[in-house]
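These notes are about the structure you will find just below.
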Amino acid sequence: MKAENIYVEINDSVSEVVEKIINSTNEAVILIIPENARISESILNFRLIKREADAANKKIYINSDAEEVLLMAKESGIKIVELSQMSRPSIKNQILIGDIRPPQKNKNRVKKTAEPIFNGVEKEETKNEVFAPKEKKFFTDYFDKENFSEIHISEKEIRRERKNKEKKSFRFGKGGWITLGIVVFLFVASYLFINFIARAEINIVSNKYNWNEQLPILVTSNIKEVDFGNFQIPLTHFEGTRTITQKFPATEIKNIEAKAKGTIRIYNAYSSSPQTLVATTRFMTPDGKIFRLINQVVVPGAKIENGNIIPSYVDAEVIADQPGESYNIGPTKFTIPGFQGTPRYEKFYAESLKPMTGGYTGQTKVVGQEDINNAKKKIADIAYVSLNEELQTKLPAKSIVLDDAKQLIVTSVTTTPSLGEKAEEFEMTAKVVLKVLAFKEDDVKQLFNALALRDKPDWREKELFSYHFEYGVPRVDFDKKLLSFPVSATLVFRDPVDVNQFKNQLPGKSTKDLNQLFKQYKNIEKINVYIWPKFLEFLPLKESRIKVTLDGEAV
């Protein structure tokens, strides 16, 4: 068997190596792996390559000068070959097979931006400016004091003024009560406003870290839990059926010569032995019209009771010997010309209980092939709506069904009248089957989360904040219940933030105090603060009037 040499680049990912194997026209390939190749970082990569090669019916061998590559290949069940005097082309900055590039690595740390926010306080990145309140001035401050001259008041007038003030100090007139009322009102209104009307929202933005990877996943019904070692997840299988009967108009017009059809009842009054009548056996009406059996039948033997013969019978379909409307006859009696001249002629007979129909000569509407095809499509569409509703109730929550992992099949179809027969309309009965292979996205998340923490051990104290998966075109086997496809994963981790440790310190704090408070938390990138009404420079006094969110989510 001839094998193809595939040279693996140092930076080739598992997906790129698998793509080269699948794209090879040879059944056997030899992977030539250099030292320090990216795929030699983990034995998991060799197991994935072996699994995908087996799925593609490819035999793979490995040649390498790196001892660790040979050990991992051997443990993964991949055979090792030696190539003498091999000329290895330079593969630096070249792609020998395939054009798949792994996604570019993003920086782990999300870039911090210092964008302007209303009443916002940022940690480290933004320069906080605290504006001192403007110095209040009294109306006398606007006069030039040097232009004033002393005012001389006589001692008599001073004593009179003192007496008036002493009298007024014991009197609380109408104006005093009004002033007092205004002060009390303002005090109560301020209290109610600050405690029950003013509100604030603080959004805490934690530090984020991105992780990206692209790997193939196998979804199989052979396992019940996630297999982290072989990169496999459980499969959910759904299969539902619907049998639908519906009438459709016949639209095809053609010149036909149709023969009348119907059902007759054949009697045996001859003996207790059964009688076989072959297909095309003739039956004749009193006026000489011939109808023939469509299929062979066996007329059961007559019953003998007290010496009397009680005829037995069987129903059978017949068709006119000639086309035309003249054979569309009503119920009548039939004889069997083949038995004429024998004792059976009088003892075997038939009758029709309903009229013969369908005989026609000329141009008319018939059941055409296009009519049948359109009817099958409409029935399949009707069945799909019903089956898909059932599917939604039976699949687990957050299940993923890829487009190519659905199969809708029309397994059996019957039409009355049949194809090519004269009819204004026809009835179709069809059985429709929907097959679906699905999986849970939570299983995909578990798989890549474990892989990310294995790749970044120092992230084990961090939280998985968000994730996004892009699924490639799958390879589907409905009979074996297998599903395989590439996944491009993006996971975002964040530093954990315990909001409760500072939540009770927020009421009444100014924006300046908030800035100083959050500077001490190294796991927080920045905070966004919104206070209503906007002229307030501090948070409400009641904790219930302060809404705290972490990365946009309520806590």
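Here are the numbers:
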quantity: Residue selected from the range 525-539 under the condition crowded, with 17+ Cβ neighbours inside 10 Å and in contact with a strand residue (DSSP E or B) (Cβ under 6 Å, 6 or more places away or on another chain), by the criterion farthest from E201 (Cα to Cα); calculated: E525
quantity: Listing of strands (runs of 3 or more DSSP E) fully contained in the range 317-402 that carry 2 or more residues being within 30 Å of T251 (Cβ to Cβ); calculated: 360-366
quantity: Hits in the range 368-415 - residues which are touching an Asp or Glu at 6+ places or on another chain (Cβ under 7 Å) and either small (G, A, S) or in the same structural domain as D321 (by TED's automatic domain parsing) (or both); calculated: G368
quantity: Residue tally, condition out of contact with any strand residue (DSSP E or B) (no Cβ under 9 Å at 6 or more places or on another chain) and either at pLDDT 95 or above or assigned to a strand (DSSP E or B) (or both), over the range 461-486; calculated: 0
quantity: Which listed residue, of L536, L550, is of a type in the set (A, V, I, L, M) and farther than 13 Å from I197 by Cβ; calculated: L550
quantity: Residue ID - nearest to R242 (Cα to Cα), chosen from residues in the range 403-437 that are charged (D, E, K, R) and in a strand (DSSP E or B); calculated: K431
quantity: The range 428-445 - residue that is under 13 Å from F238 (Cβ atoms) and out of contact with any Ser or Thr (no Cβ under 6 Å at 6 or more places or on another chain) and, of those, surrounded by the fewest Cβ atoms within 10 Å (Cβ to Cβ); calculated: K435
quantity: Boolean, G341 is surrounded by 15 or more Cβ atoms within 10 Å (Cβ to Cβ) and at positive phi; calculated: no
quantity: The one condition in (1) within 26 Å of F228 (Cβ to Cβ); (2) surrounded by fewer than 17 Cβ atoms within 10 Å (Cβ to Cβ); (3) touching a strand residue (DSSP E or B) at 6+ places or on another chain (Cβ under 9 Å) that L71 fails to fulfil; calculated: (3)
quantity: Condition met for P355 (in contact with a Gly (Cβ under 6 Å, 6 or more places away or on another chain), farther than 30 Å from V436 by Cα and either crowded, with 17+ Cβ neighbours inside 10 Å or touching a residue at least 12 places away in the same chain (Cβ under 8 Å) (or both)); calculated: yes
quantity: Among (1) closer than 30 Å to V413 by Cα; (2) at pLDDT below 95; (3) within 35 Å of the chain's Cα centre (by Cα); (4) not β-branched (V, I, T), the one test that F231 misses; calculated: (1)
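The values are calculated or read from the model by the stated rules, or taken from the named source; none is laboratory data. Quick caveat, the model's predicted, so the values are computed rather than measured. Please note: Cβ atoms are built from the backbone with ideal geometry, for glycine as well, and neighbour counts cover all protein chains shown.
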